[in-house]
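Here the structure comes first, spelled out in structure tokens, and everything after it is commentary.
The values are calculated or read from the model by the stated rules, or taken from the named source; none is laboratory data. Predicted model, so just to flag it, every value in this text is computed and none were measured. Cβ atoms come from the backbone with ideal geometry, glycine included; neighbour counts cover every protein chain shown.
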Amino acid sequence: MLDVQAISIGRSHASIVTKQGEVFCWGEGKNGRLGHKHDMDTARPKLVDSLNGVRVKSVSCGEYQTCALTFSGELYTWGDNSFCAELVGEEKKRSHWLPNRVCGSLDGVKISYVACAEWHTAIVSTSGQLFTYGDGTFGVLGHGNLQSVAQPKEVESLRGLWVKCVACGPWHTAAVVEVIVDRLKFNNPGGKLFTWGDGDKGRLGHPGEETKLLPTCVAKLVEHDFIQVSCASTLTIALSSTGKVYMMGSAVHGQLGNPEAKDKSLVLVQGKLREEFITEISSGSYHVAVLTSRGSVYTWGKGSNGQLGLGDTKDRSWPTLVESLRDRQVEHIACGSSTTAAICLHKSASSTDQSSCKGCNMSFGITRKKQNCYNCGLLFCRTCCSKKTPNASLAPDKTKAFRVCDPCFYQLQRIAQSSRSSKLENHSPRPLPITLKAVTCEKVERDEANTTSSRMMATKKYLTENNQCFDRRSANSLGESRQFSDPVTSLLDTFPRWGQVPCPKVFRRDYGQMRTQNAHARNSLASASPTYFVEPKFVPSAGL
């Protein structure tokens, strides 16, 4: 039995990575996509022995190729990538039967994330840079044109920002990008959703169905922070930091998760997910799967090939619990075009299955006692499993506190905090968005710059090159001292950092003043004749 830590499923083949860093592939072997040095189909997972000695962390399967990312940040690819018409020279001479390390523009760049689609690939570096290459049809590469690119090329419109993750669909691409809105501090960035490519069926989340050649922020979701994104054929799915799922695109097969939703809708999925905290999302061509903090799996959308795991081939228009996984502790999920897979943990581990602590890897003995975590079920020593918390998934009484490991403890605490915040939002006025603050002193700016992480360097360099944004404000009529305008706010207001849409108003310098003026206006109207203001809301899913 293989100890699997990651899986990726393409349209006609699949690949897994074991916890030892080995890669296994199976499925259709045409064009060398399995990496087995031949084009024969393989029905069972088979080791890619050409990667012996290379410790792989994750894999991504495209239509014709497979990519493997190592722990050292190197990228290997194999399979046929001749779909890119611009491939010339040495690239065509390289054998697609064997894994080849991607060089060229990625020399010296460490990779943290890779995503493959049918005809293009996106790569995220450890420093937050985004690279894309492949077929440029519909502008999926984000380079501002429709040209194909043979080698990974940085998406220049996102230079200076920090890309957290990326997802590729057949005709569009989406990314979560950290946007700093509080002076020059990097300790509380927000992950904003950017999409580009073919806008048909509203899959990009922008008004209209126009093609976007540059990464463009989804303005309707600008007040939300996101941690993960997934792309289907006519759909984009985004997971917020509060554990909520937002969907945009076509409602065919019920894949928006709301029976009342129409095409081109932007929907907050609720129903049975209303009380759940979602930790992972994945999508196939026309179906969606999500994983909750309790280890439960919900699916919806097209079910004609049994990809929903519900025991039939019917479509579902709402999130439905996969009952066959109810007694399993699911760690990860992954969707192929018409398939779904789940990586499951064992139930409470026995001493015969695990002889060392899962946390510190120290062997159990007379002085190192064993303790099962009441949330994940694995064995830990008393030191690594000393914290107690309620709501553990394996606890006999969820209202009482039981021992859990450190990772589970912090996860449960985060879920509890999010739940409390949601309750407060329902019983208190909505807080004002974060407003941009002014940097009033060169010394403050210099001190903060010296203490920020390496992510600031690209932004600082850009600010230096664009010093026209830092003009001094003229002194006022009272003779007060002159001040510098905030470089970040000036930059966000003047430079098109948001792609083809203007900077959202919540990030503008004058937004707080505008909100105050609007509030005074509403109060004046209310005193004259009472009027009730109702903010627009997302279409809620049916409570099933």
Among residues of region 140-175, those that are in contact (Cβ under 8 Å) with a residue 60 or more places away in the chain and aliphatic (A, V, I, L, M), counted:
8
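Give 245, 229 a once-over and let me know the one that is among the aliphatic types (A, V, I, L, M), farther than 18 Å from residue 168 by Cβ, in the same structural domain as residue 285 (by the TED database) and at pLDDT 95 or above.
Numbers: 229 fails: farther than 18 Å from residue 168 by Cβ.
Residue meeting the stated conditions: 245.
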Could you tell me which numbered condition residue 359 fails, if it satisfies all but one of (1) buried (at least 17 other Cβ atoms within 10 Å of the Cβ); (2) at pLDDT below 95; (3) closer than 30 Å to residue 246 by Cβ?
(3)
Quick one: count up the residues across region 357-406 that are small (Gly, Ala, Ser) and either in the same structural domain as residue 276 (by the TED database) or over 27 Å from residue 326 (Cβ atoms) (or both).
4
For residue 64, all conditions in the list (1) over 23 Å from residue 232 (Cα atoms); (2) in contact with a helix residue (DSSP H, G or I) (Cβ under 7 Å, 6 or more places away or on another chain) hold save one; what is the number of the exception?
(1)
Filtering region 96-110 down to residues that are part of a loop (DSSP other than H, G, I, E, B), more than 19 Å from residue 167 (Cα to Cα) and free of Cβ contacts under 8 Å to residues at least 60 places away in the same chain yields 102, 103, 107, 108, 109
Run down 208, 243 and say which single residue is free of Cβ contacts under 8 Å to residues at least 12 places away in the same chain and either in contact with a Cys (Cβ under 9 Å, 6 or more places away or on another chain) or not in a strand (DSSP E or B) (or both).
208
Checked region 262-292 for anything assigned to a loop (DSSP other than H, G, I, E, B) and crowded, with 24+ Cβ neighbours inside 10 Å; matches are 269, 284
Provide a single number: the residues in region 238-261 that are surrounded by fewer than 22 Cβ atoms within 10 Å (Cβ to Cβ), in contact with a Lys or Arg (Cβ under 8 Å, 6 or more places away or on another chain) and closer than 21 Å to residue 225 by Cβ.
0
Which ones in region 272-284 are more than 12 Å from residue 319 (Cα to Cα) and either of a type in the set (Phe, Trp, Tyr) or modelled with pLDDT under 95 (or both)?
275, 277
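Every residue, every condition in (1) small (Gly, Ala, Ser); (2) under 27 Å from residue 250 (Cβ atoms); (3) part of a strand (DSSP E or B); (4) over 21 Å from the mean Cα position of the chain (by Cα), yes or no:
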{"position": "123", "(1), (2), (3), (4)": "no, no, yes, no"}
{"position": "128", "(1), (2), (3), (4)": "yes, no, no, no"}
{"position": "133", "(1), (2), (3), (4)": "no, no, yes, no"}
{"position": "138", "(1), (2), (3), (4)": "no, yes, no, yes"}
{"position": "142", "(1), (2), (3), (4)": "yes, yes, no, no"}
{"position": "145", "(1), (2), (3), (4)": "no, yes, no, yes"}
{"position": "150", "(1), (2), (3), (4)": "yes, no, yes, yes"}
{"position": "175", "(1), (2), (3), (4)": "yes, yes, yes, no"}
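Kindly establish whether residue 113 is closer than 17 Å to residue 68 by Cα and either assigned to a loop (DSSP other than H, G, I, E, B) or modelled with pLDDT under 95 (or both). Please lay out each step first, then the result.
On the way: closer than 17 Å to residue 68 by Cα: yes; either assigned to a loop (DSSP other than H, G, I, E, B) or modelled with pLDDT under 95 (or both): no.
So residue 113 does not fit the description; no.
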Cβ-Cβ under 7 Å pairs, at least 6 apart or on other chains, region 271-283 side assigned by the TED database to the domain that holds residue 241, far side assigned to a helix (DSSP H, G or I) and not polar (S, T, N, Q):
277/415
Which residue out of 58, 148 is modelled with pLDDT of 95 or more, within 30 Å of residue 234 (Cβ to Cβ) and buried (at least 17 other Cβ atoms within 10 Å of the Cβ)?
58
Restricting to region 157-190, count the residues that are among the β-branched types (Val, Ile, Thr), out of contact with any Lys or Arg (no Cβ under 8 Å at 6 or more places or on another chain) and at pLDDT below 95.
2
